[in-house]
Amino acid sequence: MLRYVLQMLWLLACVTADPLPERGAAPEFEVVSPVLKRLTQTQYGNSLRDLLGSALVVPNDLEPDDASEGLLVLGGTVNSLSARGVEQYETAAFDVAAQVRADSDMRAALMPCAIDDAATDAAAEAENETCVSDTLEAFGHRAWRRPLEPAELLRLTTIASAARSTLGSWDDGVQYGVAAILQSPNFLYRIEVGEDDPDAAAGSSVQRRYTSVEMATRLSYFLWNSTPDAELLAAGESGELVTDAGIDAQVERMLADPRGRDGVRNFFDEMLTLYKLEDLSKDPTAYVHTSSTVGSSAREETLSLAEWLTFDEDGDYRDFFTTTTTFVDPKLATIYAVPAPSLDGFAQTELPADGGRRGFLGQVSFLALQAHPTSTSPTRRGKFIREVLFCTPLSPPPANVDTSIPEPSDSYPTMRARLEEHMSNPSCAGCHAMTDPIGLGFENFDGLGGWRATENGNTIDASGDLDGAPFNNAWGLAAAVHDNANLGPCFSRTLYQYATGHAASEGERDLINWHAEGFADNGYKVQWLLRDLVASPGFRRVGVVQ
Amino acid sequence: MLLWLLACAPAPDPEPTCSGDKTNVFVISQLSFSREVSDGVSAGFDLDGATTAAGDETGCGLADYTDPDGTAGIDNQFARVLPVLETTEAQALEPLIQAAVDDGSLLITLELGHVDADISASGSSGSGSSAGSSVGTSDTCVDFAMARATGTPSIGTDGRMEWYQTLAREPMSARSEAGQVALEDGRLQAQGLEVTIPVTILGHELLVTVLSGSLRFDVQPDGSVAGYLAGGLDQSQLLSIAETDNIDSEVTELVSSLLDYNVDLAPDDAGTCQQLSITLKFVAIPVFLYEG
């Protein structure tokens, strides 16, 4: 009887389950040559705190990051550092080293041994030298994310000895040694050149792979946006990270770690350029809700939603645009005209089901950032959706074209009327036709993200069409974005670029499409895509150094 | 220095019987005195049910005002006292009241329970097509109460309290229930409110009770409500304030004299009035109360 029941249950499961389509092997792709990746400012800060402790005050007077392909992590691979930027790294390194020396906890964590500066006999002095050498070797190992070569250690201990001789104490020596480690390209850059792959199939166009040690760094900066911890580094040095099993084990651990959440937040921060919200500035006479902190609050709201959807819900990425769940502080709740779920910070809440605000595109982060200081900008909002969410690049306006739109007047009382007039210029119409019909769908939200029903006394018409999907308002538009065929593939492509650290080449198109198809087949779950990309040959294989 | 705070006298909680499923809360964001707008004209209420001319037996013989809408019998003797008071240290009374509102020490809420439809219609909530206010609309049954909220209100860049912010209930303050009232053509009126206003004068905290208070407001096109709150101030309480040690004796004498000649409500058995009528003008904006 029991057997019969089990059989029936098994049959039922087979009937009702929605089997995933068979997924073939990853397609052939054109492998890229290794590139040097300079740490972003966020990675620099995260790495220092993970190395030295959260009490460290990370210097922030560094050369600003520039984005490439919309991502800061890619900007560090293509933008060179100025001479001033090098000096700033040097100053920052000495600042950090001085903090470590002055803080007993950080110092104790750095130096597992004791130094006797008063020692005069040769044996004690030798012990001091050993202690300094061991300290610099251990710290250099972690900071450079690989064991030091003997010659490298010799250079560091030579610096320490020289500083000790000149300044009088071994503490000075250690301080200079630490500073040297932190201003070295080995710390500031990710140097991943790969090795010949002994397991490569004969005749394959891809004969090289990242080394196991390099994979530790790649995994760490992809999933944690920070330096590897001791366990990951050890796994790399033991050779585990060139095997599927070794990588899987570390990825599961890393995603379960709080730093996994930080890593996903950073990806959304970069993809959606949320970091720009820290400098959000709005005309206070136009927007009474604006304040010096509303940008930071808006950034946190969106990042909290991304984190919740990815980890707490393991949800569908497309729901990021339609969910009524969000996270607000009292200020944002006031702007959204909903009860604050907490009086002193952020908390999860549900937006009214019959309301017009939902998902990321109904949040201040998007609505305020993609607007002017004194007005909305349907063009910016539409352009953001085209370029960032759908990966459809648009050309900049021709140099000799007047890009201004008519001022509000009786003839053009609404933004829609003003833009329609602007689009009567054929040289403007081409691109604006790609952006404005989308952006006008958000006109019920002012330039800060507050709701408005009218503009200059006229009822706002927020209807439009997105690639053949008509909508009547912003929430209809959000649904159209959710269902747009470009949304998932674009996200896959952007995350692929973020993971690999290079701009996707034409030769990687099939591989990226393969990941996008898998993403769709697996419910657009971000965690699934993270795991899929880590296993990707695009993440693990590398070309020869050019 | 004067600092006005407000508390509401406890009242029994009536069982709600109105059928609406919405609650609308407003907080008074602007508060001032209803002054004499022209000779014999001032907004307010007929609190004693009589229209009194100077020398009449009712109203202790003090002439009532006429409301700007033409309603006679308006009891607002404080409007006659105020100009005299403002020649003394009470000259900054209104700015102090508004400052107390803005800093959160005088947050008076108007709570409308079991409303059929949102009065302010969430004009800025993005509730689909329902933007706008309920100007001119009616609701035959609304539970109305006044209470106090606490917290530091969020002030917008225009210097005024932000709409739709969330405030906490004042836990030490009881609600003053007016029971079931009607919203007619966008106007709500309520009686029987007893509002106690703690008055801080030079560090002395005293309670002034607005007795038998009446309130009315009109829903505004922008979704706020604006109206008047009136009642009687007990003469003996006001005298006790005036006799506070730190107040100049000349001021005390002035207040005492003013009260003697201006009390117009609640006559005792001997026909001597015991209360001074007062009307406050207010604007209230929609807010939420924290329910956590």
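The values are calculated or read from the model by the stated rules, or taken from the named source; none is laboratory data. Owing to the predicted nature of the structure, the values given are computational and were not obtained by experimental measurement. Virtual Cβ from ideal backbone geometry, glycine too; neighbours counted across all protein chains shown.
So the values come out like this:
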quantity	calculated
Residues of the range A:48-77 that turn out to be without any contact (Cβ under 8 Å) to a residue 60 or more places away in the chain, under 30 Å from A:Phe384 (Cα atoms) and either surrounded by fewer than 18 Cβ atoms within 10 Å (Cβ to Cβ) or of a type in the set (Phe, Trp, Tyr) (or both), as a count	5
Options B:Ser249, B:Ser277; residue that is among the polar types (S, T, N, Q) and within 30 Å of B:Gly113 (Cα to Cα)	B:Ser277
Test: B:Leu259 is within 20 Å of the chain's Cα centre (by Cα) and of a type outside the set (S, T, N, Q)	no
Test: residue in the range B:161-182 that is modelled with pLDDT of 90 or more, surrounded by fewer than 18 Cβ atoms within 10 Å (Cβ to Cβ) and at the interface with another protein chain (Cβ under 9 Å from one of its Cβ atoms)	yes
Which numbered condition A:Gly439 fails, given (1) under 21 Å from A:Ala337 (Cβ atoms); (2) in contact with a Lys or Arg (Cβ under 6 Å, 6 or more places away or on another chain)	(1)
Which listed residue, of A:Ala92, A:Ala108, A:Ala138, A:Ala97, is in a helix (DSSP H, G or I), surrounded by fewer than 14 Cβ atoms within 10 Å (Cβ to Cβ) and among the aliphatic types (A, V, I, L, M)	A:Ala108
Count of residues meeting criterion [surrounded by fewer than 20 Cβ atoms within 10 Å (Cβ to Cβ) and in contact (Cβ under 8 Å) with a residue 24 or more places away in the chain] in the range A:348-382	10
The range B:246-266 residues that are more than 25 Å from B:Asp56 (Cα to Cα), paired with ones that are surrounded by 16 or more Cβ atoms within 10 Å (Cβ to Cβ) (beta carbon under 6 Å, 6 or more apart)	B:Thr252/B:Ala242
Criterion: modelled with pLDDT of 85 or more, more than 14 Å from chain B (Cβ to nearest Cβ) and over 22 Å from A:Lys276 (Cα atoms) - qualifying residue of A:Asn425, A:Asn444, A:Asn400, A:Asn456	A:Asn456
Condition broken by A:Val178, with the remaining ones in (1) under 27 Å from the mean Cα position of the chain (by Cα); (2) surrounded by 23 or more Cβ atoms within 10 Å (Cβ to Cβ) satisfied	(1)
Restricting the range A:189-202 to residues that are surrounded by fewer than 22 Cβ atoms within 10 Å (Cβ to Cβ) and touching a residue at least 12 places away in the same chain (Cβ under 8 Å), the residue that is nearest to A:Ala98 (Cα to Cα)	A:Tyr189
Residues that are closer than 17 Å to B:Asp158 by Cβ and loosely packed, with under 12 Cβ neighbours inside 10 Å, drawn from the range A:279-295	A:Thr285, A:Ser292
Residue count for the range A:336-357, restricted to those that are part of a loop (DSSP other than H, G, I, E, B), facing another protein chain (nearest Cβ under 9 Å) and aromatic (Phe, Trp, Tyr)	0
Residues of the range B:147-183 that turn out to be closer than 19 Å to B:Asn24 by Cβ, among the basic types (Lys, Arg) and not in a strand (DSSP E or B), as a count	1
Residue within the range A:167-190 that is on the phi > 0 side of the Ramachandran plot and touching a strand residue (DSSP E or B) at 6+ places or on another chain (Cβ under 6 Å) present	no
Residue check, A:Leu332 in a helix (DSSP H, G or I), within 12 Å of another protein chain (Cβ to nearest Cβ), free of Cβ contacts under 8 Å to residues at least 40 places away in the same chain and farther than 30 Å from A:Cys431 by Cα	yes
Restricting the range A:247-306 to residues that are farther than 30 Å from A:Arg218 by Cβ and β-branched (Val, Ile, Thr), the residue that is nearest to the other protein chains (Cβ to nearest Cβ)	A:Val288
Unique residue being farther than 22 Å from A:Glu237 by Cα and not in a helix (DSSP H, G or I) when the list is A:Ala180, A:Ala119	A:Ala119
Members of the range B:249-292 found to be within 16 Å of B:Phe33 (Cβ to Cβ) and in a strand (DSSP E or B), listed by number	B:Leu276, B:Ser277, B:Ile278, B:Thr279, B:Leu280, B:Lys281, B:Phe282, B:Val283
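So that you can scan it fast, the table gives a plain yes or no per residue for (1) in contact (Cβ under 8 Å) with a residue 40 or more places away in the chain; (2) within 14 Å of chain B (Cβ to nearest Cβ); (3) not hydroxyl-bearing (Ser, Thr, Tyr):
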residue	(1), (2), (3)
A:Leu440	yes, no, yes
A:Ser463	no, yes, no
A:Ala469	no, no, yes
A:Leu477	yes, yes, yes
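Every residue, every condition in (1) over 30 Å from A:Thr326 (Cβ atoms); (2) out of contact with any helix residue (DSSP H, G or I) (no Cβ under 6 Å at 6 or more places or on another chain); (3) in contact (Cβ under 8 Å) with a residue 60 or more places away in the chain, yes or no:
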position	(1), (2), (3)
A:Ser226	no, no, yes
A:Ala230	yes, yes, yes
A:Asp244	yes, yes, yes
A:Ala249	yes, yes, no
A:Gly263	no, no, no
A:Lys282	no, yes, yes
